[in-house]
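Written below as C-alpha cells is the structure these notes are about.
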Amino acid sequence: MGGLAEAVLGGTLIPMRETEDRRAAERRLVQDAQNGDLLAFERLYRENERKVFALCLRLSADAALAEELTQEVFVRAWRKLGGFRGESAFSSWLYPLTVNVALSERRSRRRRDARIVATDDPASLEPAPATPRPEAGFDLQKAMAALPPGARAVFVLHDVEGRTHDEIAAMLDLAPGTSKAQLFRARRLLREALGS
Amino acid sequence: MTCRELDERLDAWVDGELAAAAAAEAEAHLATCSLCRERERRLRQVLAHAAALPRSVTPPRDLWPGIAQRVGRERSWSRAAGGWSPWALAAAATVVVGLVAVLGSGRAPSAVRTVEIPAASPEARLAALSVVVSDPVLAAAEREYEEAANALLEALQKRQSELQPETLVTVRANLEVIDRALAEVRQAIARNPSNLELNRMLVATHRKKVDVLRRVVKLSTAL
C-alpha cells in the first residue's frame, strides 16, 4: 500500500481509502513503466516482491533459488509489460507468470541435474505464523520441501494460496482431475509426515 | 462405508464437497472408527498449518539492484536497436515470428525468403534518433506514415486472395498490436508532449507498421 501511495503523492504517505484510487494509481504506474520508466517499475516491484518471493519460495522449496526466481519473474514482467492491458490488478497478472517461471525453472533444472537438493533451509525465512501452530514440532515448510514437485505445486496453489482446481489446471496445463490427484497425493504424504 | 472408501473420500469430506448422502455415511463411519478419525484429524491439522502460512515473505536481501541491472541492460540494447521499447519490440517480433510460422507451415522455403526485405540502414536509424521532433513536424511525419500505411493496406486488400487465410489472420492480429502500441504512445505524448523519447518511439512504431505492410505486400507479389 505504502509504495503506491508514495508513488502518487510524492513520498507523502497518505492512506488511500478507495480501491479504485489504488487501481488508478497502479494503472498510472504500469503506463509509466510501459513507457520505459524504471522508477515506476521499481514501485510495482516493491509493491509485489514479498508475495512473489513467498510463492517462489514455496514452489521451489529452496531459498537461494527463490531469490533468483523472483528476479527472473520481474525481468520477464518488464519484457511482457506491453501485453498487460490493465483489465486486472497487476498482482493478478503477475501471479501465473510467477508460477510459470518457478515451475519452468524447476523443470529445466531437473533436466540439467537430476540430483538437485535444497541447499538452504526455506523454513528459516518464514516469519512466525500469525496463529499458534496447531501441532507442536511439525514443520510444514520442511515437509512440503520433501514432496514430489508436482504434488507440492498443487498443494501450495490449492491449500496455501487458495486457488481452485480449474485455475491450477489452467496455470499448470493439467486436467483438473490430475490436479485433484496430485492434491490427494500431497495431502496424504503430509499427514503421514505429521504422524511420523 | 469402509476405511478405504473413507480414505479415498477424505479430501472431499474435509473440503465439504461430499454430497449429502455420502457425507452422512462418512460421518457415521467416523463416529465409530478411531483410525479414520485420526486420519481426519491429521489432515485438518495439515490444512490448518497451510492456512496459517503467511502469503508474503520478505526476501533476505534487496533483489531490485539485480533486476534493475538486467532491465537497464535490455533497455539500452533496445534503444541501440532503434529506440523501441521492450513491448514494441515484442509486438514487432510477434509479427515477424507469426508470419514465418504461418508461412513455414504451408509454403516452400523460397516463399519464406521473399518475406525478408532490407531493414533501414544503421545510419538512417541513427539519423532518426538524432532528430528533434517538434509537434508540427511530428504531426506531419504521422500523416506521411499513415498515408503510406493506407496505400499499402489498399494494395494488400487487392491482393488478399493471393495470400493464405492464416497469413491474413496473423497479419491483421499483429497490425492491431502495433495500432494499440501507437495509441498508447499517443496517449503518453498527450501527457508529456516534450518527451523526445516518446516522439521517437511514435515515429519508430509508424515505421515498423509500414515495414510490416511492405513485407506482406511484397510477399503477395512474389507468390
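The values are calculated or read from the model by the stated rules, or taken from the named source; none is laboratory data. Only a predicted model underlies this, so the values are computations on that prediction, with no experimental measurement involved. All Cβ positions, even for glycine, are placed from backbone atoms using ideal geometry, and neighbour counts span all protein chains on display. All accessible areas refer to the heavy atoms of the entire protein, side chains included, with ligands and DNA or RNA removed. Shrake-Rupley method; radii C 1.70, N 1.55, O 1.52, S 1.80 Å.
Summary of values
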quantity: For A:ARG50, solvent-accessible area (1.4 Å; no DNA, RNA or ligand), Å²; calculated: 100 Å²
quantity: Links that overshoot a 31 Å alpha carbon limit, given the list A:LYS51/B:LYS209; A:LYS51/A:LYS80; A:LYS80/B:LYS158; A:LYS80/B:LYS209; calculated: A:LYS51/B:LYS209; A:LYS80/B:LYS158
quantity: ³J(HN,Hα), Karplus 6.51/-1.76/1.60, whole Hz, each residue of the range B:206-213, x for Gly, Pro; calculated: 4, 4, 5, 4, 5, 4, 4, 5
quantity: Accessible-area order (highest first, 1.4 angstrom probe) of the listed residues B:ARG159, B:ARG191, A:ARG27; calculated: B:ARG191, A:ARG27, B:ARG159
quantity: Protein heavy-atom accessible area occluded, B/A pair - total, 1.4 Å probe, Å²; calculated: 4800 Å²
quantity: Point-to-point label distance, B:ARG70-A:SER104, nm (Cα→Cβ direction, 7 Å offset); calculated: 1.2 nm
quantity: In Hz, Karplus ³J(HN,Hα) per residue of the range B:156-171 (6.51, -1.76, 1.60; θ = phi - 60°; x = Gly, Pro); calculated: 5, 4, 5, 9, 5, 5, 7, 9, 5, x, 4, 4, 5, 4, 5, 4
quantity: Karplus (6.51, -1.76, 1.60) ³J(HN,Hα), θ = phi - 60°, over the range A:150-166, in Hz, Gly and Pro reported as x; calculated: x, 5, 4, 4, 5, 4, 4, 5, 7, 8, 9, 8, x, 7, 7, 5, 5
quantity: Förster-model FRET efficiency, 30 Å R0, B:LYS218 and B:ALA139, C-beta, rounded to 0.05; calculated: 0.55
